[in-house]
1. Residues of the stretch 45-68 being of a type outside the set (A, V, I, L, M, F, W, C) and surrounded by 13 or more Cβ atoms within 10 Å (Cβ to Cβ), which ones?
2. Being closer than 16 Å to VAL34 by Cβ, over 12 Å from the mean Cα position of the chain (by Cα) and not aliphatic (A, V, I, L, M) is the filter here; which residues of the stretch 66-77 pass it?
3. Could you identify the single residue in ALA48, ALA77, ALA35 that is modelled with pLDDT of 90 or more and within 30 Å of VAL91 (Cβ to Cβ)?
4. Could you list, in sequence order, all residues of the stretch 69-95 that are among the charged types (D, E, K, R) and open to solvent by less than 80 Å² (accessible area, probe 1.4 Å)?
5. Take the stretch 44-65 and flag every residue that is under 15 Å from LEU33 (Cα atoms) and charged (D, E, K, R).
6. Specify the residue that is nearest to LYS79 (Cα to Cα); the eligible residues are those in the stretch 13-60 that are in contact with a helix residue (DSSP H, G or I) (Cβ under 9 Å, 6 or more places away or on another chain) and among the aliphatic types (A, V, I, L, M).
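The values are calculated or read from the model by the stated rules, or taken from the named source; none is laboratory data. Everything quoted here is computed from the prediction, not taken from an experiment. Cβ coordinates were reconstructed from backbone atoms using ideal geometry, including for glycine residues, and neighbour counts include every protein chain displayed. With ligands, DNA and RNA removed, areas are computed over all heavy atoms of the protein, side chains included. Shrake-Rupley method; radii C 1.70, N 1.55, O 1.52, S 1.80 Å.
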Amino acid sequence: MTLTQHDSLSGTLHSLLTDRTVRERNKELARSLVADGYPELTCESLLADGDRVTVRATVANGESRWSLIAEIRFDGAGKVAEYHDFLVPAVVQRA
């Protein structure tokens, strides 16, 4: 069987769509984990790269605000394979 340009393009397109689908699935899983586990947190941003998602979420505790930065790695089945997090003081922008 001889590969044509169409076959190569189809394979590339399939790979890109599959990668994007996995990234979006992992972002939704991370968003759900934060929402279910820490209802007081507000998810500020999610960044997915391959099987890893980085989450930045903030929590207000009286006068202080903190950001949770978490990196979650998912396996092929969508289960958490690795998790790291840390808290940092949130940056408050004043007008």
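1. Pass one, the stretch 45-68, residues of a type outside the set (A, V, I, L, M, F, W, C): 45, 49-52, 54, 56, 58, 61-65, 67.
Within the stretch 45-68, ASP51, ARG52, THR54, ARG56, THR58, ARG65, SER67 meet the criteria.
2. Narrowing the stretch 66-77 to residues closer than 16 Å to VAL34 by Cβ: 66-74.
Now drop any that are not over 12 Å from the mean Cα position of the chain (by Cα), which leaves 66-68.
Listed by number, the residues that qualify are TRP66, SER67.
3. On inspection, the qualifying residue turns out to be ALA48.
4. Answer for the stretch 69-95, where residues must be among the charged types (D, E, K, R) and open to solvent by less than 80 Å² (accessible area, probe 1.4 Å): GLU71, ARG73, ASP75, GLU82, ASP85.
5. GLU44, ARG52, ARG56
6. Of everything passing the filter in the stretch 13-60, VAL53 is nearest to LYS79 (Cα to Cα).
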